[in-house]
Amino acid sequence: MDGTVSGLAYRAAVSAPASAQLPPMEPHTLVDSFFLAVTWLGSLRVLLPSALAVAALPVAAGRRYESLLPVASLGLTAVLVHALKLLVRRPRPQVDQLLVPMPLDWSFPSAHTAQAAALFLAAALIARRRLPTGPAVATITVALCIVVLVGWSRVHLQVHYLSDVLAGGLIGALVALGVVIAHGRRPHPTP
């Protein structure tokens, strides 16, 4: 095959797990539709623009370095999980009927879950430091619920094994924690 887009798509399809070539089916239930929507909260297509927009908020409050923590956490996590996918090369689950097109990359770890954990937990850790107790607890609770729902959506949609999701969540949480801790240890300029 040549280097055209169709040639590249052909090579990607041939080298991807066999289950990646099955067409999606229509959602059957309200639950299917709910998880089809929730899964987007782990997609870089949604998270990256959102993270960049939200990063402007702390800048306005004079916390420019803190504003980059969720973006840094998301970026580091995305690179790490995609490198692990190439290293581990675990095939996607074999299913007969899909609710979404099967992603063409490998299954382990779940990038959606890792990315959601990285962004939302970094934001929650910052909220814990900056907000009063009530709003901080609410922010942390919402962040954890989003991460759990994104992870479960990946299992419900049959594009990941539970172990992929658990590993992705752990990776994203550890990266978020590491980025926030590293930020806390650096010397802060005095006003």
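The values are calculated or read from the model by the stated rules, or taken from the named source; none is laboratory data. Predicted model, so just to flag it, every value in this text is computed and none were measured. Quick reminder, even Gly has a Cβ in these numbers, built from the backbone with ideal geometry, and neighbours come from all protein chains shown.
The lone criterion from (1) in contact with a Ser or Thr (Cβ under 7 Å, 6 or more places away or on another chain); (2) modelled with pLDDT of 85 or more left unmet by Pro109 is number (1).
For first residues located in region 101-123 and touching a residue at least 24 places away in the same chain (Cβ under 8 Å) and in a loop (DSSP other than H, G, I, E, B), partners that are of a type in the set (Lys, Arg) and surrounded by fewer than 23 Cβ atoms within 10 Å (Cβ to Cβ) and lie 6+ apart or on another chain with Cβ distances below 7 Å form the pairs Asp105/Lys85; Trp106/Lys85; Trp106/Arg89; Trp106/Arg90; Ser107/Arg90; Phe108/Lys85; Phe108/Arg90. I'd like to know if region 102-124 contains one or more residues that are within 22 Å of Leu30 (Cα to Cα) and more than 12 Å from the chain's Cα centre (by Cα). Looking for residues that are within 22 Å of Leu30 (Cα to Cα) and more than 12 Å from the chain's Cα centre (by Cα), one finds at least one in region 102-124, hence yes.
Within region 126-144, the set of residues being aliphatic (A, V, I, L, M), modelled with pLDDT under 85 and assigned to a helix (DSSP H, G or I) comprises Ile126, Ala127.
Which of the helices (runs of 4 or more DSSP H) found entirely inside region 1-74 contain at least 2 residues meeting this: at pLDDT below 70 and farther than 30 Å from Ala124 by Cα?
Values: elements: 5-15, 30-38, 44-60, 64-67.
Answer list for region 1-74: 5-15.
One residue stands out in region 110-160 among those that are surrounded by fewer than 24 Cβ atoms within 10 Å (Cβ to Cβ) and among the hydroxyl-bearing types (Ser, Thr, Tyr): the one that is nearest to Leu99 (Cα to Cα), namely Thr141.
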